[in-house]
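Novice: Below is one structure. I have some questions about it.
The values are calculated or read from the model by the stated rules, or taken from the named source; none is laboratory data. As the structure is a computational prediction, the values presented were derived from the model and not from experiment. Every residue, glycine among them, receives a Cβ derived from its backbone with ideal geometry; neighbour counts consider all protein chains shown. These area figures cover heavy atoms from the full protein model, side chains too; ligands, DNA and RNA do not enter into them. Shrake-Rupley method; radii C 1.70, N 1.55, O 1.52, S 1.80 Å.
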Amino acid sequence: MSWLFGLNKGQADPPPGLPVPPPPPPPAGGSGGSTGDKPKDKWSNFDPTGLERAAQAARELDKSRHAKEALDLARMQEQSVQMEHQSKIKEYEAALEQLKGDQIRIQGEERRKTLTEETKQHQARAKYQDQLARQRYDDQLRQQQALNEENLRKQEESVMKQEAMRKATIEHEMELRHKNELLRVEAEAKARGRVERENADIIREQIRLKAAEHRQTVLETIRTAGAVFGEGFRAFVSDWDKVTATVAGLTLLAVGVYSARNATAVAGRYIEARLGKPSLVRETSRFTVAEAIKHPVQIAKRLTSKPQDALEGVVLSPSLEERVRDIAIATRNTRQNRGLYRNILMYGPPGTGKTLFAKKLAMHSGMDYAIMTGGDVAPMGRDGVTAMHKVFDWANTNRRGLLLFVDEADAFLRKRSTEKISEDLRATLNAFLYRTGEQSNKFMLVLASNQPEQFDWAINDRIDEIVNFALPGLEERERLVRLYFDRYVLEPATGGRQRLKLAQFDYGQKCSEIARRAEGMSGREISKLGVAWQAAAYSSEDGVLTEAMIDARVEDAIRQHLQKMDWLHKEAVVTAAQEGDGDSSRKMGFALPKADTPLAQEVIQLAEDAAPVTQEGGTHATQGKMEGTMPVNVAPDSIPLPVEGAESGGSKEAVLVEVEEGKNGAGGTPSQQDASLSVDSGAESGSKTEVPVLPKDGTPV
């Protein structure tokens, strides 16, 4: 309510945030006026008009009925003014505190900048000092190096001077020594010559005396030795007991040396036949002493193992499976009854299970097996005959019986009359024929070949059973695909030990689809397909084998198979055209399946056009797709071969082709007009089918 009394009139309030200026000091003295030197009274500037107005307002308020409310309102306004004044004071104090904080912050920043600058200055000073120290150190090193080089140069010069002085001294000494030596030798020579001239008579007398003594000594030695030997020989000849004993001793010595040498050779051959393994045998189930010592557990398991099924793990057509099972049973019973084994020829495309069945046959019958390759015989040269005899000697020593499997037998069992073979290979073939001339109860001979028509006729005479292992059909391919899918994919995936997983899809349907697409592929190619699936899973990032990966590997395998078939057909057609033979398949020993590619179709069509021979019933020789089939257009001089089985009782059987030879002149070659094929369908049917034969000139009969 200061306005009522005229206080602070005409003065404005200070703005917030700024300090209130102090009141002006009283004037030091007046410069004029009526008061003169007297100080002014504090009431001299008092304005009473304000009090009058206040009194007037108070009287009006007292008269008004709202006087109390006006006083309350005035009091409240005064309180509001005081509160505003207090808030301004607090704001001013906060501004002062903020100003102090800003000043402290600015001072801190300044101190930090000062410290940073001081640090930079110290670093620059330290860097400069380090640079100066390094420079001083480098200068010291260069000075030390120059000093060392100078010292070294001085030392080298000193050494060179000393060496030169030493060499000069040595040369001078050598020169003096040489001169002294020359003078000494010259003096000695002169003295020796003078002595020899003076003593020449004495020297000659000494030489004559020495020669006479030596001659006398030699003569006495000869006389003494002759007398001793003569007396001894005379005494030996006159004593007949000594002569007899001497002759008997020499005779016994010669007999002992000869007997020891022969006995050692016989013992060596016996040990080699019983305990060793011939060099031609690549693989055998018959264990040696070294193998028994090295692997005793495996040998014990082999000895205590029971005979296995001959067709375990072998997938064949029903007719072929029935036939080979009969062979296995007959072989087992032959071993048990110690009968004579029958020799078997297995032929067909590569990878159809010939070697696998031979091993299973030996294990089923309880025999040991030995595998040799025909390609190992020719490189042996003159040693081939000895090696062949060692093989059969080793086979005859087996008590359990031995199945001798000769893979790629056509490599050395070729025709001696038409084929160009070396004399060493001819001698080896003769040794083989000599050892297999009669059936044996010690070993069983099993031959495998892709080209059986190249065998010598004497080899054909030693074959008792011919089995054709043809390419698998649809059912066999499906069984093979499932077998190798389980072996290479499912078993590793479920075992958990290998990095292989299998995606979710219909495995059975996929195997059936692959079997339909893999037409013409052998069992070995299908097994390689299983290995390719496994490798594809291993090469993937997560180790998962998907259906797309399987299809990709199948497509690749089919494309490669068709390419191989195209190469084979081309080679067969070119060979048949060069030799003037219309039959291209007889050069390969088996019938080739037709491919689906245009190139394969063209090649097959060329082969069919070159060989238009048909069998009774109107079926072309090269169009048969049955299991165990062969083209029947065989040349007159070829060996008996299996052909398409005759339908007997609703089953296809392996049949034998016999060439009825006709007499044509002195050469004894079959007549082209009378040549025919007699197809024997087995003991059950008892009938024969006459099949015309294509002559070599390609003229149809």
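Novice: If you scan region 293-329, which residues turn out to be modelled with pLDDT of 70 or more, among the aliphatic types (A, V, I, L, M) and under 15 Å from Ala358 (Cβ atoms)?
Specialist: Once the filter is applied, which keeps residues that are modelled with pLDDT of 70 or more, among the aliphatic types (A, V, I, L, M) and under 15 Å from Ala358 (Cβ atoms), region 293-329 yields Leu311, Val314, Leu316, Leu320, Val324, Ile327, Ala328.
Novice: Only residues that are within 19 Å of Asp464 (Cβ to Cβ) and either free of Cβ contacts under 8 Å to residues at least 12 places away in the same chain or of a type in the set (Gly, Ala, Ser) (or both): list them for region 416-438, please.
Specialist: Tyr434, Gly437, Glu438
Novice: For Lys510, are the conditions met, namely being in contact with a strand residue (DSSP E or B) (Cβ under 7 Å, 6 or more places away or on another chain) and in contact (Cβ under 8 Å) with a residue 12 or more places away in the chain?
Specialist: Answer is no for this residue.
Novice: Between residues in region 130-149 that are at positive phi and residues that are not in a helix (DSSP H, G or I), which pairs lie under 6 Å by C-beta distance while being six or more apart or on different chains?
Specialist: none
Novice: Which numbered condition in (1) open to solvent by 90 Å² or more (accessible area, probe 1.4 Å); (2) among the charged types (D, E, K, R); (3) more than 30 Å from Ile203 (Cα to Cα) is the only one that Lys190 fails?
Specialist: Result: Lys190 fails condition (3) only.
Novice: Run down Glu541, Glu555 and say which single residue is in a helix (DSSP H, G or I) and open to solvent by 10 Å² or more (accessible area, probe 1.4 Å).
Specialist: After applying the criteria, what remains is Glu555.
Novice: Checking Glu519 against (1) open to solvent by 60 Å² or more (accessible area, probe 1.4 Å); (2) in contact with a strand residue (DSSP E or B) (Cβ under 7 Å, 6 or more places away or on another chain), which single condition isn't satisfied?
Specialist: For Glu519, the exception is condition (2).
Novice: Determine the pairs where a residue that is under 13 Å from Leu471 (Cα atoms) and among the aromatic types (Phe, Trp, Tyr), located within region 344-371, has a partner that is surrounded by fewer than 21 Cβ atoms within 10 Å (Cβ to Cβ) and modelled with pLDDT of 85 or more with Cβ atoms under 7 Å apart, the partner being 6 or more residues away or on another chain.
Specialist: So the pair list comes out as Tyr347/Asn450.
Novice: Okay, moving on. With respect to Val228, is the statement that it is farther than 30 Å from Gly193 by Cβ, assigned to a helix (DSSP H, G or I), open to solvent by less than 70 Å² (accessible area, probe 1.4 Å) and not small (Gly, Ala, Ser) true?
Specialist: no
Novice: Looking at Arg223 and the list (1) modelled with pLDDT of 90 or more; (2) open to solvent by 100 Å² or more (accessible area, probe 1.4 Å), which single condition is not satisfied?
Specialist: Here Arg223 clears every test but (1).
Novice: What tally of residues in region 443-468 results from selecting those that are free of Cβ contacts under 8 Å to residues at least 60 places away in the same chain and open to solvent by 50 Å² or more (accessible area, probe 1.4 Å)?
Specialist: Number of matching residues: 1.
Novice: Name the residues in region 414-445 that are among the basic types (Lys, Arg) and touching a helix residue (DSSP H, G or I) at 6+ places or on another chain (Cβ under 8 Å), would you?
Specialist: Residues satisfying the conditions are Arg414, Lys415, Arg416, Arg435, Lys442.
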